[in-house]
Amino acid sequence: MNEELTRMRGRLAEYKQRFTELDLSAGSDITAARNLLDAYEPDVMRIKTAEAKVVVERLHTTVEEMKRLNVQIVELKEALK
């Protein structure tokens, strides 16, 4: 049982670390998307929508992974109580 608890704690630490990395990545992507979608650009055709689409799709993937990780983190914390 002790080994199992140790593995669970290790897995929890890994998930938390990955969540932190993803959070930083998401923040970077949000900034990039805002810069690409210049609301003050008078000529809409000059907005870099293709690049913004790539960034937002990556952000979406990151957020979905964060949601999955968050569920796993909560479950492991509950199991370790």
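Observations
- Axis angle, to the nearest 10 degrees, between helix 49-79 and the longest C-alpha principal axis of the chain: 20 degrees.
- Here the relative contact order of the chain, from alpha carbon pairs under 8 Å that lie six or more residues apart, stands at 45 percent.
- Check: the range 2-79 dipole with +1 on Lys, Arg Cβ and -1 on Asp, Glu Cβ, in debye: 120
- Furthest towards positive pole of dipole, Ser25, Met45, Val71, structure part the chain, Cβ charges: Val71
- Evaluated over the chain, the count of Lys pairs having alpha-carbon atoms less than 19 Å apart is 4 (only pairs 8 or more residues apart or interchain).
- If the segment from Lys16 to Glu41 were pulled out straight at 0.36 nm per residue, it would be longer than the present Cα-Cα gap by 5.1 nm.
- Among the listed options (i) 26, 12, 11; (ii) 39, 9, 8; (iii) 24, 14, 10, the one matching semi-axes √(5λ) of the Cα gyration tensor in Å as calculated from these coordinates is (ii).
- The chain: angle of helix 2-36 to the longest principal axis, Cα-based, in degrees nearest 10: 10
The numbers here are math on the coordinates, done by the rules we state, and not lab data. This structure is a prediction, so every number in the text was calculated from the model and none was measured. Every residue, glycine as well, gets a Cβ built from its backbone with ideal geometry; the counts of neighbours run over all protein chains shown.
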